[in-house]
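For reference, the structure is listed below as structure tokens.
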């Protein structure tokens, strides 16, 4: 096993073209994700955090810098980086829960036949959806759909799980429950996850390491540790520190997150 | 009442939820009410009322040439079926329809594939389809007769025109409406371009494709009956349109009604049996259409 970082993002600048002009989403962003990290990218809207995740996913190519996974540059999307999106429509509506998870395994060539189904059912069980395995996505609640997407991502047993604000479209109670469950899953399997969010509370709760980005374009402001509870162990609050770092002097009266 | 007092303070309440929720018995519904709650029953009742009105008007008018009674039309339908004349005409029409429909679908599939792969193909489809789509297919018949002469080929040409644009346009729109998230999901799990088309694009676009198939079928059916009316028989045998036209010439109005009823029945049958059951098994089950 290599001792270096699992994922290395090095001086990455990302741009995307709109109709009028070229927008720079991030400017020379760099960070390293270690094995079993719960690495959170946090920033206001417009800081390019989702674009970074898409670049790691291989959907966007950096105009500058490089992204290395296990020391190898990323070249297009691949099943070694399973993506969990924010949108509920990431599940194939014409497939049941079981088929949705199995589909990922078979179409990527990871497993076939009974083995694929068995592994799919194992991970569906992990997200507590076994009784719903034969249901179609449209009969599930939003939280359940996201659980299926997480099960699908985890079933790939990828090098890294990429989560793009997966709980943002959920109601507050469900979101809180999902965060808890995600941490429980992590305790069991210690997977590596790169998690994007705009919620400070969520970042503090989910992450063990938090990357703070500024907006327009996204640049790294800080990279801090989190213990999972909102306390830095020195009597201060992590979210207050994040607040100060992100908004500086203008923190007064600035809404914390959207 | 004091203005600033607000609601009085109450003690907080806590309950222990222990008892399981029992079966809630449905409210009993009377037989008549249950009958009337079924859409099929209501529609059958309406049809029966219409038949009675038709029968009454026919008897009151008492002119079999102008407006035969419902029972006379049904009788003509039964005897035409028994004599084999109507089934023969219907079979002729349907085999022609299937040929034209199938040819139209193949062309639509080719056109849509090209349109979803290349930009110029998409431009071509959008331009040509928007040009030809508003043109009633039956208007192409004179041209078809010049090109192909009197015969099956002219009719098939017109049918292709009826099916092609509706299906291709809908399928194309369906492919474009497949969400970018699903596209990324397909890429994420390493689907090949062909695998992506087969496993994501086609099922994702299926609601629109099905709409196209239905619209195309309806266009083809109307066009075919009209074409047969205009041009009668093709070498010996004729279809339903010819059946209707022929009996009008013989002033056999009850049989004209029998022909029209057959056209209606086939339309209903295909719409309600074939397309409905496809819909129930696919887009409805998947929740992609209410």
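The values are calculated or read from the model by the stated rules, or taken from the named source; none is laboratory data. Computed from a predicted structure; not experimentally measured. Positions of Cβ are generated from backbone atoms using ideal geometry, with glycine treated the same way; all protein chains shown enter the neighbour counts.
Within 14 Å of chain A (Cβ to nearest Cβ) and without any contact (Cβ under 8 Å) to a residue 40 or more places away in the chain - does that describe any residue in region B:237-247? No - not one qualifying residue is present in region B:237-247.
Being within 14 Å of chain B (Cβ to nearest Cβ) and at negative phi is a property that holds for residue A:88. Could you tell me whether residue B:103 is under 30 Å from residue A:83 (Cβ atoms), assigned to a helix (DSSP H, G or I) and in contact (Cβ under 8 Å) with a residue 40 or more places away in the chain? Criteria not met by residue B:103. Residues of region A:200-213 being buried (at least 19 other Cβ atoms within 10 Å of the Cβ) and in contact with a helix residue (DSSP H, G or I) (Cβ under 9 Å, 6 or more places away or on another chain), which ones? Matches in region A:200-213: A:200, A:202, A:203, A:204, A:205, A:206, A:210, A:211, A:212, A:213. Scanning region B:178-189 for residues that are at the interface with chain A (Cβ under 8 Å from one of its Cβ atoms), part of a loop (DSSP other than H, G, I, E, B) and under 33 Å from the mean Cα position of the chain (by Cα) returns a single hit, B:179.
Filtered by the rule that a residue be within 14 Å of another protein chain (Cβ to nearest Cβ) and surrounded by fewer than 20 Cβ atoms within 10 Å (Cβ to Cβ), region B:136-177 gives a lone residue, B:177.
Based on what the data block shows, is residue B:230 farther than 19 Å from residue A:94 by Cα, at pLDDT 90 or above and either at the interface with chain A (Cβ under 9 Å from one of its Cβ atoms) or assigned to a helix (DSSP H, G or I) (or both)? When the stated conditions are applied, residue B:230 does not pass them. Here residue A:61 fulfils each of the conditions (1) surrounded by fewer than 19 Cβ atoms within 10 Å (Cβ to Cβ); (2) more than 12 Å from chain B (Cβ to nearest Cβ); (3) over 16 Å from residue B:187 (Cβ atoms) apart from (3). Being surrounded by fewer than 18 Cβ atoms within 10 Å (Cβ to Cβ), facing another protein chain (nearest Cβ under 10 Å), touching a helix residue (DSSP H, G or I) at 6+ places or on another chain (Cβ under 9 Å) and closer than 19 Å to residue B:286 by Cα, is that true of even one residue in region A:97-115? Looking for residues that are surrounded by fewer than 18 Cβ atoms within 10 Å (Cβ to Cβ), facing another protein chain (nearest Cβ under 10 Å), touching a helix residue (DSSP H, G or I) at 6+ places or on another chain (Cβ under 9 Å) and closer than 19 Å to residue B:286 by Cα, one finds none in region A:97-115, hence no. Among residues of region B:267-290 that are under 26 Å from residue A:134 (Cβ atoms), those with a Cβ under 9 angstrom from a residue that is exposed (fewer than 10 other Cβ atoms within 10 Å of the Cβ), sequence gap 6+ or separate chain, pair up as B:284/B:290. Check region B:193-206 and report whether any residue there is under 16 Å from the mean Cα position of the chain (by Cα) and surrounded by fewer than 19 Cβ atoms within 10 Å (Cβ to Cβ). No, region B:193-206 contains no residue that is under 16 Å from the mean Cα position of the chain (by Cα) and surrounded by fewer than 19 Cβ atoms within 10 Å (Cβ to Cβ). Residue count for region A:96-119 under the criterion of being under 24 Å from the mean Cα position of the chain (by Cα), free of Cβ contacts under 8 Å to residues at least 12 places away in the same chain and more than 16 Å from residue B:188 (Cα to Cα): the result is 1.
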